[in-house]
Amino acid sequence: MDSIKIRGGNKLNGSVPISGAKNSALKLMVATILTDEPLVLTRMPDLADTRFLTTLLQHFGAAISRDSSRMQLHTPRLEKSEAPYDLVRKMRASFNVLGPLLARNGEARVSLPGGCAIGARPVDLHLKALEALGADIELSEGYVEARAPHGLQGGQITFPFVSVGATEHAILAAVLAKGETTLENAAREPEIVDLADCLTSMGAKIEGAGSSTITITGVDRLKGTTHAVVPDRIETGTYALAVATAGGDVLLEDAVWKHNEALWDRLAAAGVNAARADGGIRIRSENGRLAATDIETRPYPGFPTDEQAQFMAAMCVADGRSVIRETIFENRFMHAPELMRMGAQIDLRGNEAIVTGVESLRGAPVMATDLRASVSLVIAGLVAAGETTIGRVYHLDRGFEGLEAKLAACGADIERVKE
Ligand code: EPZ
């Protein structure tokens with residue numbers, strides 16, 4: 001298995017091109033199921049997860065081709081409407097094919113995804129939303145069997161708490177339902193707005209994306225379109241935190257300021273200079289140590305859970321004590337014990353991590369169990385004394401396009417070791 005080797009201590013200087021957002025790309029690709037015309041996605045990241053979803057969509061009959069960051073998906077007809085366990089268990093976002101399959105085909109059978117390293121992650125909200133749209137749902141042998149023989153009907157869905165995936169799933173199903181659907185307490189993430197923008201240019205009628213109330217008026221059919229995937233706000237935040245921690249001056253090309261306001265606020269409190277610049281966002285961290293700062297993860301526009309691990313890495317070498325509270329997932333501190341192996345001082349108390357900044361971290365062999373946890377170890381490795389080897393690189397490959405190349409171009413001493 002490949003690993004990544006980092007010799008810490010170099011500052012980062014230069015620029016980093018921000019790729020299209022993984023978590024948007026995965027939902028946009030699924031939209032191919034809703035139309036028999038070609039869907040072209042530009043600024044498409046090339047990641048293990050997008051390749052994996054390509055295989056699943058091809059299984060349903062989609063023809064998918066890729067030329068650099070342009071992907072064309074075309075599903076003239078659905079050949080299957082079953083997503084087997086083997087294809088769903090590897091990536092939870094695959095579960096979002098259920099609603100579109102049902103909308104296009106009137107029935108679908110999709111494996112339940114199961115838990116994962118960061119928490120139990122049930123799909124009850126997804127299923128309730130589809131039921132509210134008139135789907136008849138049964139669970140059998142680990143599969144969801146859904147039917148809507150006369151098509152989906154518009155409905156009223158009030159989410160008991162915010163779920164990104166369930167909001168997206170409801171939108172993907174409701175665009176072809178008969179009549180009007182209202183989503184209350186909907187997620188407001190930029191990925192929701194991106195999905196709504198793409199579907200709207202395919203002919204869907206969606207109002208209110210980006211707010212807590214979304215109204216969808218169903219249409220009979222959707223057409224093809226060309227859509228640019230929104231720049232990845234989590235990749236943006238990750239490189240911003242890498243520069244904050246290692247020090248330096250980096251332009252994050254194409255990064256969107258308003259998608260990371262919560263992070264800019266916390267970085268300002270920590271003493272990092274983040275500012276809008278020509279062509280993106282410029283991060284400067286040149287005044288020595290960061291000031292310890294607290295965060296609490298929240299649905300957008302709050303501090304994103306997907307940047308919590310990276311923020312923790314930064315706080316490990318800050319001046320003072322920082323309290324990090326995780327409120328979205330119940331088991332998302334798996335990086336903490338690995339950071340401690342590098343000399344970090346972290347006290348875990350339920351959903352709180354109390355980090356006391358240390359003078360310096362020491363390189364060590366480490367590994368993590370999910371994507372964002374893994375990249376937090378990369379950030380720690382950039383500032384640690386000596387060599388850090390990060391195992392299970394496949395986690396990083398799921399969500400960071402060209403990670404080593406982007407960091408090396410800014411002066412990091414980082415390489416992939418193939419085995
Ligand atoms: C999306 O996951 C992202 N994944 C996650 O990114 C991200 O951490 C998360 O949103 C929160 O921002 C993709 O977009 C592919 P949720 P999602 O539904 O949609 C609970 C990464 O590293 N819940 O908003 O699955 C759930 O267990 C990943 O890129 C239910 O209880 O997240 C969690 O505690 C990791 N029942 C909370 O809601 C449900 O039916 C929020 O999850 C659905 C969710």
**OP:** Output the residues belonging to segment 1-53 that are within 16 Å of the ligand (Cβ to nearest atom), farther than 23 Å from V219 by Cα and among the polar types (S, T, N, Q).
**Re:** S19, N23, T50
Original post:
How many residues, within segment 1-38, are of a type in the set (K, R) and buried (at least 24 other Cβ atoms within 10 Å of the Cβ)?
Top reply: 2
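Taking the conditions exactly as written (more than 16 Å from the ligand (Cβ to nearest atom), of a type in the set (D, E, K, R) and farther than 29 Å from A409 by Cβ), does E184 satisfy them or not?
The answer is no for E184.
Which residue out of R121, R147 is modelled with pLDDT of 95 or more and either touching a strand residue (DSSP E or B) at 6+ places or on another chain (Cβ under 7 Å) or within 11 Å of the ligand (Cβ to nearest atom) (or both)?
Of the residues listed, the single one that is modelled with pLDDT of 95 or more and either touching a strand residue (DSSP E or B) at 6+ places or on another chain (Cβ under 7 Å) or within 11 Å of the ligand (Cβ to nearest atom) (or both) is R147.
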**OP:** Would you check if E235 is farther than 30 Å from R77 by Cβ, crowded, with 24+ Cβ neighbours inside 10 Å and either in contact with a Cys (Cβ under 7 Å, 6 or more places away or on another chain) or of a type outside the set (A, V, I, L, M, F, W, C) (or both)?
**Re:** yes
Original post:
Tally time: how many residues in segment 369-419 are within 15 Å of the ligand (Cβ to nearest atom), in contact with a strand residue (DSSP E or B) (Cβ under 8 Å, 6 or more places away or on another chain) and not aliphatic (A, V, I, L, M)?
Top reply: 3
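State yes or no: is F329 of a type in the set (F, W, Y), under 22 Å from A246 (Cα atoms), within 16 Å of the ligand (Cβ to nearest atom) and surrounded by 17 or more Cβ atoms within 10 Å (Cβ to Cβ)?
Judged against the criteria, F329 is not a match.
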**OP:** Please work out which residue is nearest to V219 (Cα to Cα), limiting yourself to segment 139-195 and to residues that are surrounded by fewer than 21 Cβ atoms within 10 Å (Cβ to Cβ) and among the hydroxyl-bearing types (S, T, Y).
**Re:** T182
**OP:** Just one of (1) within 18 Å of L56 (Cα to Cα); (2) surrounded by fewer than 19 Cβ atoms within 10 Å (Cβ to Cβ); (3) within 9 Å of the ligand (Cβ to nearest atom) trips up K128, so point out which.
**Re:** (1)
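The values are calculated or read from the model by the stated rules, or taken from the named source; none is laboratory data. Model, not experiment: these values are computed from the prediction. Heads up, the Cβs are rebuilt from the backbone with ideal geometry, glycines too, and the neighbour counts pull from every protein chain shown.
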